[in-house]
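Everything on this sheet refers to the single structure shown next.
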Amino acid sequence: MKTLKIAIQKSGRLNEKSVELLKNCGLNFENYKSSLISPVSNFPLEILFLRDDDIPEYVQDGIADLGIVGENVIQETEVEVSYLQRLGFGKCSLKIAVPNNNTIQSLADLNGKAVATTYPVILGKFLKKEGINADIRTISGSVEISPGLGLSDAICDLVSTGGTLKSNGLKPFVDVMSSEAVLIGCKDSEKDDLIQELIQRIQSVLRAKE
Ligand code: ATP
Ligand code: ZN
């Protein structure tokens, strides 16, 4: 019999809620921090624990049938996958923020300025749509310290409570996109009976929470 694979984040902000959702679906599996694949004992499913950045491509290429990942990561990787279900956790927004004492007051003030981000694709499309010509500096982390270091004039980063921005002397300026965790599938895979059954279990867990 065929075994499905679902990719979830190995560790980080989406890991715990993703595991909880699958457990609430009645799926039995071990959740060892060291394992990369966990078989489910009571459903033909294997859980792949991956870095979130890799999940969209694994699903696009059909290595995993399903995945749980933030919409921000899907948009940034520009993959072709089906959005099957919004999951209601991992909510955040991608925002442009500037130092509190900065003179940047409108989007147009970003022209000719440097904006540091780990989301160059999403930011690039947004600035293009807005007709802004800024210098996008792609860095791999700790974006919020870059204005203080003189590396950028503004940043574009994920924000949930805004606490990290505040403690780095930054204020949110413009919303670029809002995001939450979503269930994605390989294109056309929705037709599969097993996938349908899993989606239905997930939807009834979500309904019970409302
Ligand atoms: P990985 O090691 O898997 O690459 P990561 O460091 O890229 O992890 P996390 O910080 O764990 O990612 O965030 C995972 C996802 O959680 C984000 O892509 C986003 O969708 C969501 N998220 C919710 N709130 C926040 C927040 N305040 N900051 C960053 N991500 C958030
Ligand atoms: Zn990541």
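The values are calculated or read from the model by the stated rules, or taken from the named source; none is laboratory data. Being a predicted model, the structure only gives us computed values, none of them experimental. Counting neighbours? That spans all protein chains shown, and the Cβs are built from the backbone with ideal geometry, glycine included.
Determine which member of the set Val73, Val81 is modelled with pLDDT of 95 or more, hydrophobic (A, V, I, L, M, F, W, C) and more than 15 Å from ligand 2 (Cβ to nearest atom).
Just one listed residue meets the conditions, Val81.
Within region 112-141, which residues are among the polar types (S, T, N, Q) and either touching a helix residue (DSSP H, G or I) at 6+ places or on another chain (Cβ under 6 Å) or surrounded by 13 or more Cβ atoms within 10 Å (Cβ to Cβ) (or both)?
Initially, region 112-141 is screened for residues among the polar types (S, T, N, Q), giving 117-118, 133, 138, 140.
Within region 112-141, Thr117, Thr118, Thr138 qualify.
In region 30-55, which residues are farther than 19 Å from Phe89 by Cβ and part of a loop (DSSP other than H, G, I, E, B)?
Passing the criteria: Glu30, Tyr32, Lys33, Ser34, Ser35, Leu36, Val40, Ser41, Asn42, Phe43, Pro44.
Just to be sure I understand, how many residues within region 167-205 are over 22 Å from the mean Cα position of the chain (by Cα) and assigned to a helix (DSSP H, G or I)?
Summing the residues that are over 22 Å from the mean Cα position of the chain (by Cα) and assigned to a helix (DSSP H, G or I) in region 167-205 gives 9.
Among the residues of region 58-89, which ones are outside any strand (DSSP E or B), within 14 Å of ligand 1 (Cβ to nearest atom) and surrounded by 16 or more Cβ atoms within 10 Å (Cβ to Cβ)?
Matches in region 58-89: Tyr58, Glu71, Asn72, Val73, Ile74, Gln75, Glu76, Thr77, Leu87, Phe89.
Go through (1) more than 14 Å from the chain's Cα centre (by Cα); (2) within 15 Å of ligand 2 (Cβ to nearest atom); (3) acidic (Asp, Glu) and name the single condition Glu144 misses.
(2)
Which residues, taken from region 90-103, are surrounded by fewer than 20 Cβ atoms within 10 Å (Cβ to Cβ) and away from ligand 1 (no atom under 15 Å from the Cβ)?
Pro99, Asn100, Asn101, Asn102, Thr103, listed by residue number.
For every residue, the table says whether it meets (1) touching a residue at least 60 places away in the same chain (Cβ under 8 Å); (2) small (Gly, Ala, Ser).
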site	(1), (2)
Glu130	no, no
Ile136	no, no
Ile139	no, no
Cys156	yes, no
Ser160	yes, yes
Gly163	no, yes
Ile184	yes, no
Asp192	yes, no
Ile202	yes, no
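Filter region 1-23 down to the residues that are assigned to a helix (DSSP H, G or I) and surrounded by fewer than 19 Cβ atoms within 10 Å (Cβ to Cβ), then identify the one that is nearest to ligand 1 (Cβ to nearest atom).
Ranking the candidates gives Asn15 first.
Can you tell me how many residues within region 131-167 are touching an Asp or Glu at 6+ places or on another chain (Cβ under 7 Å) and within 13 Å of ligand 1 (Cβ to nearest atom)?
Going through region 131-167 one residue at a time, the tally reaches 6.
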